[in-house]
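Since the structure comes first, as structure tokens, the remarks are kept for the end.
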């Protein structure tokens, strides 16, 4: 993992897949790069990202045990959410779900990637809507092959493979993953009852890409699909998710003698089934509460860019002009109001969202100490055809029939950054930016239930808007590096789940809230302001020992204004102030590598009122690798080696759910 330096002065950039090279201006912003070696020890992409403290998964658990709807990601612990506040792309194609904005992480195995870039700060310019706290750019591998097979405690097994090869002038890249686990029970000790069941999992994904040379350009055609089935930790509650995507990309890398360009079209389909239950006070049993048996959604989009790089007496100048458009449509189909041993009501709710924009980006490098970059963007967004229909299953008559008014607007966003090399390996940089994130179809239209807690949708949600500034210093030596960043960020019209009532009680739209539960609604609840500090240090102490450490401190506070005054002064849910990581890699002999990783996080809250406290947590992971040959490695790992109880959730009655216990696994990795 490294802080990205200014790009080298190359007369020609050669790309294998149909992608443009990294923009010259990226080095002026806060960019952290994870390469293939950083990703290799991690079996899940979200776990690899979690090694960076500034990355905030919605909950402390990983995609090994997280419900699909909680797999949202944000950069910096400003205000994590299930929808996520970060745009994730794979070679330019959004990976975020078209209905909910979350990311099904296992659809992109770590073995399939050559690396990724985490760009902090709001993503105006080429990234656009959704990149509220930044963007994660994934790069699919082009060549080589890797096979990783492993088994772990509690029925865990995983087989992943990725390879690239040439078939005449065409390059083919393929990826496949199968993973299964019997899971663990999240509620432990005397509080657990017969209602508590394991978070089991079965997942399958595959992808294939063809890179076809056309004159000096490259055309990439890609198809992928995934399917997962998982337990939700309660008897009778399960979740399944599936999806597929198609994309076509054509690109020509720019040179000082020619214009570069990219043209891309993509389509993504997804579906989610998610059943929920009400839990008896003594946790001895559950009762069906809601059956979201289908959530079909489709997203599609286009983007195009022109890029020019010129070198003259004043230095290197690069500019990019582009446009993009994204469209999403989907609905939730569900059964609810369980009475007399059967569901009595049905619901169909959904709509369409769209956003389209144009942008200009530019960067100037004086071939000396200065790099200046910036961009300006205009977007138009619209929410349309929103409807919520609820019917009595016995009579077929509607009990609620609402048509939501269309909403639309325009947003102008911008960013500007400057970097100066100071010599002796030191550099300073500063940046300012704005951005926005429209509400997802899930937030606009889908109510949901977790245990006895209900959350209502809100079709009147406005886009979130972010303003931020930051400054950073970095030093790179022969064997060590150190970076420091301070930032201030403000999110206006932040979309949060606001508590509006406590059970037991009957609420006309949401239905009955049982004892020990609360009713929440997604709302634009005022403003979230955050101030933070990020530190990252690396030291290659010798040829056989390397050390790393990182720290993130983010003080985020809510100002609920007149709409949610009860939230003013509180911290956003799931937003810790402190998080830190440390690790080492030691190679005592040529064939043996030992690694240790520590992660600590201060307490966070599971709710908007800060009444459900998730205590501070620390975990340690160990890994040993033995090189059987230059192309084969045998490995063993112990995750959460001290078997710490890490709180990841808490009910209104104080029952805590925990992350995975100590897990031992062994595997073999083959590569070429």
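Checked across the stretch 122-135, the condition of being crowded, with 24+ Cβ neighbours inside 10 Å, modelled with pLDDT of 95 or more and part of a strand (DSSP E or B) holds for no residue. Of the listed requirements (1) more than 22 Å from residue 301 (Cα to Cα); (2) within 24 Å of the chain's Cα centre (by Cα); (3) not in a strand (DSSP E or B), residue 154 misses just one: (2).
I'd like to know if the stretch 49-62 contains one or more residues that are in contact (Cβ under 8 Å) with a residue 12 or more places away in the chain, out of contact with any strand residue (DSSP E or B) (no Cβ under 8 Å at 6 or more places or on another chain) and surrounded by fewer than 24 Cβ atoms within 10 Å (Cβ to Cβ).
Narrowing the stretch 49-62 to residues in contact (Cβ under 8 Å) with a residue 12 or more places away in the chain: 49-62.
Within this subset, residues satisfying the condition of being out of contact with any strand residue (DSSP E or B) (no Cβ under 8 Å at 6 or more places or on another chain) are 62.
Still in the running and surrounded by fewer than 24 Cβ atoms within 10 Å (Cβ to Cβ): 62.
Yes, the conditions are met somewhere in the stretch 49-62.
Conditions tested, residue by residue: (1) over 24 Å from the mean Cα position of the chain (by Cα); (2) crowded, with 17+ Cβ neighbours inside 10 Å; (3) closer than 27 Å to residue 258 by Cβ; (4) touching a residue at least 40 places away in the same chain (Cβ under 8 Å).
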residue	(1), (2), (3), (4)
322	yes, yes, yes, yes
327	no, yes, no, no
340	yes, no, no, no
371	yes, yes, yes, yes
381	no, yes, no, yes
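Would you confirm, using the coordinates I've provided, whether residue 208 is part of a strand (DSSP E or B) and surrounded by fewer than 16 Cβ atoms within 10 Å (Cβ to Cβ)? Answer is yes for this residue.
Candidates 467, 489, 455, 483: the one that is under 23 Å from the mean Cα position of the chain (by Cα) and under 30 Å from residue 548 (Cα atoms) is 489.
Return the residues of the stretch 162-198 that are touching a strand residue (DSSP E or B) at 6+ places or on another chain (Cβ under 8 Å), under 30 Å from residue 672 (Cα atoms) and in a loop (DSSP other than H, G, I, E, B); say none if nothing qualifies. Scanning the stretch 162-198 gives a single hit, 169.
Scanning the stretch 62-94 for residues that are under 19 Å from residue 52 (Cβ atoms), within 9 Å of the chain's Cα centre (by Cα) and assigned to a loop (DSSP other than H, G, I, E, B) yields 71, 72, 84, 85, 86. When we screen 273, 305 for residues that are at pLDDT 95 or above, under 25 Å from residue 344 (Cβ atoms) and surrounded by 16 or more Cβ atoms within 10 Å (Cβ to Cβ), the only hit is 273.
May I ask you to say which residue of 664, 609, 592 is farther than 21 Å from residue 188 by Cα and at pLDDT 95 or above?
Numbers: 664 fails: farther than 21 Å from residue 188 by Cα; 609 fails: at pLDDT 95 or above.
When all the criteria are applied, what remains is 592.
Rundown of residues vs (1) free of Cβ contacts under 8 Å to residues at least 40 places away in the same chain; (2) more than 22 Å from the chain's Cα centre (by Cα); (3) assigned to a strand (DSSP E or B), yes/no style:
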| position | (1), (2), (3) |
| --- | --- |
| 534 | no, no, yes |
| 554 | no, no, yes |
| 558 | no, yes, yes |
| 569 | yes, yes, no |
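Taken over the stretch 618-659, the residue count meeting the criterion of being within 30 Å of residue 282 (Cβ to Cβ), over 22 Å from the mean Cα position of the chain (by Cα) and not in a strand (DSSP E or B) is 9.
Under the condition of being surrounded by fewer than 16 Cβ atoms within 10 Å (Cβ to Cβ) and in contact with a strand residue (DSSP E or B) (Cβ under 7 Å, 6 or more places away or on another chain), which residue from the stretch 562-587 is nearest to residue 632 (Cα to Cα)?
Just the residues of the stretch 562-587 that are surrounded by fewer than 16 Cβ atoms within 10 Å (Cβ to Cβ), to begin with: 562-563, 565-566, 568-569, 586.
If we keep only those that are in contact with a strand residue (DSSP E or B) (Cβ under 7 Å, 6 or more places away or on another chain) as well, we get 563, 568-569, 586.
Working: 563: 59, 568: 56, 569: 54, 586: 19 Å.
If we take residues in the stretch 562-587 being surrounded by fewer than 16 Cβ atoms within 10 Å (Cβ to Cβ) and in contact with a strand residue (DSSP E or B) (Cβ under 7 Å, 6 or more places away or on another chain), then 586 is nearest to residue 632 (Cα to Cα).
Okay, residues lined up against (1) in a strand (DSSP E or B); (2) surrounded by 12 or more Cβ atoms within 10 Å (Cβ to Cβ):
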site	(1), (2)
388	yes, yes
391	yes, yes
394	no, no
401	yes, no
410	yes, no
415	yes, yes
420	yes, yes
428	yes, yes
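The values are calculated or read from the model by the stated rules, or taken from the named source; none is laboratory data. Quantities reported herein were computed from a predicted structural model and do not represent experimental measurements. Cβ: placed from backbone, ideal geometry, glycine included. Neighbour counts: every protein chain shown.
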